[in-house]
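Have a look at the structure below, then the notes.
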Amino acid sequence: MTTTSGNVATKTNGKATPPEREAWSAPGEGARARIGIVLVHGFTGSPTSLRPLGELRARRGFAVELPRLPGHGTTWREMLPTRYDDWRGEVVASAKRLSARAAKVVLCGLSMGGTLALDVASSGDVTPAGVVTINAQILDRTGIVVKLGPWLEKIFPVVPAAAAGLRSNDIAKPGAGEQAYGWVPSAAGNSLLRALPRVRAQVEKLECPVLIAYSRQDHSVSPENSKRLLGLIPSTDLTELVLERSYHVATLDYDLELIEERVTAFADRVGR
């Protein structure tokens, strides 16, 4: 199996970006090459969180696109001018690139990546064969920092991740690391929060098959988000997957093999 992209470190402000944070892709092999999977990482994260799942997809023969969202995977300073629409645009572009070489495309996202997958799938910009969400954010976030966000962003361009309700390395498995930013660009974060009501309304017309996976113990995105999704999406093909052993970044946690197994079965089914 040959893979492309993400194997050579790039430089940001003179410093090399680790290869695992770069965009990565696989061309697909055998019968499964006709099924493409777009993997979308979360807010302030990078392809690091989904690279193991991507490599497992490639070994199974699926075509894979794992983009690095604008402003992510380098330094929080590069994220300052980016917004939700920039990240969404990269997901649409990745899905269209994959559609050029795969007959069927599945959108799969972790955390905000799940939000983006749902948004793109329900917007009509892309018509996927199915969607997989893993601990996706869909409900409005709470807390004083969130409520004061529109005013705070004018005073504090960045805030500590903990103040924004994001736990560093929310992973149960010892030694695993997501390498997400420790600081959150305020305006960029607020652009995500402003998009949530629109995405919630939009998914009420999503009819393609959807696999909704969520961790019972998640310290960054409440499981209530995924439970609400199960009631919002009108598709008659909804599958719930509860992850008992993992925290928020489940794709780097104890349930990776379970996720890989269930995503394989889902992709095979909707890709037929």
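Numbers for the structure displayed
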quantity: Region 57-70 residues that are open to solvent by 10 Å² or more (accessible area, probe 1.4 Å), paired with ones that are part of a loop (DSSP other than H, G, I, E, B) (beta carbon under 7 Å, 6 or more apart); calculated: R59/M1; R68/E22; R68/A23; R68/S46; P70/T82
quantity: Count - residues of region 46-56 that are in contact with a helix residue (DSSP H, G or I) (Cβ under 9 Å, 6 or more places away or on another chain) and open to solvent by 10 Å² or more (accessible area, probe 1.4 Å); calculated: 4
quantity: Qualifying position, being in a strand (DSSP E or B) and modelled with pLDDT under 95, among V159, V105, V126, V131; calculated: V159
quantity: Residue check, L56 within 22 Å of V105 (Cα to Cα), modelled with pLDDT of 95 or more, part of a loop (DSSP other than H, G, I, E, B) and under 17 Å from the mean Cα position of the chain (by Cα); calculated: no
quantity: The one condition in (1) open to solvent by 30 Å² or more (accessible area, probe 1.4 Å); (2) at pLDDT 90 or above; (3) in a loop (DSSP other than H, G, I, E, B) that Y181 fails to fulfil; calculated: (1)
quantity: Residues that are open to solvent by less than 10 Å² (accessible area, probe 1.4 Å) and out of contact with any strand residue (DSSP E or B) (no Cβ under 9 Å at 6 or more places or on another chain), drawn from region 88-123; calculated: D119
quantity: Residues of region 33-45 that turn out to be of a type outside the set (A, V, I, L, M) and either under 18 Å from E261 (Cβ atoms) or open to solvent by 10 Å² or more (accessible area, probe 1.4 Å) (or both), as a count; calculated: 2
quantity: Test: residue in region 220-235 that is open to solvent by 60 Å² or more (accessible area, probe 1.4 Å), touching a residue at least 40 places away in the same chain (Cβ under 8 Å) and under 27 Å from V126 (Cβ atoms); calculated: yes
quantity: Hits in region 134-156 (condition: modelled with pLDDT of 85 or more and surrounded by 18 or more Cβ atoms within 10 Å (Cβ to Cβ)); calculated: I134, N135, A136, Q137, I138
quantity: Filtered residue count, region 216-272, keeping only those that are assigned to a loop (DSSP other than H, G, I, E, B) and in contact with a Cys (Cβ under 8 Å, 6 or more places away or on another chain); calculated: 2
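The values are calculated or read from the model by the stated rules, or taken from the named source; none is laboratory data. Because the structure is predicted, anything quoted here is derived from the model rather than measured. FYI the Cβ positions are ideal-geometry reconstructions off the backbone, even for glycines, and counts take in every protein chain you see. Surface accessibility is based on the protein's heavy atoms, side chains included, excluding ligands, DNA and RNA. Shrake-Rupley method; radii C 1.70, N 1.55, O 1.52, S 1.80 Å.
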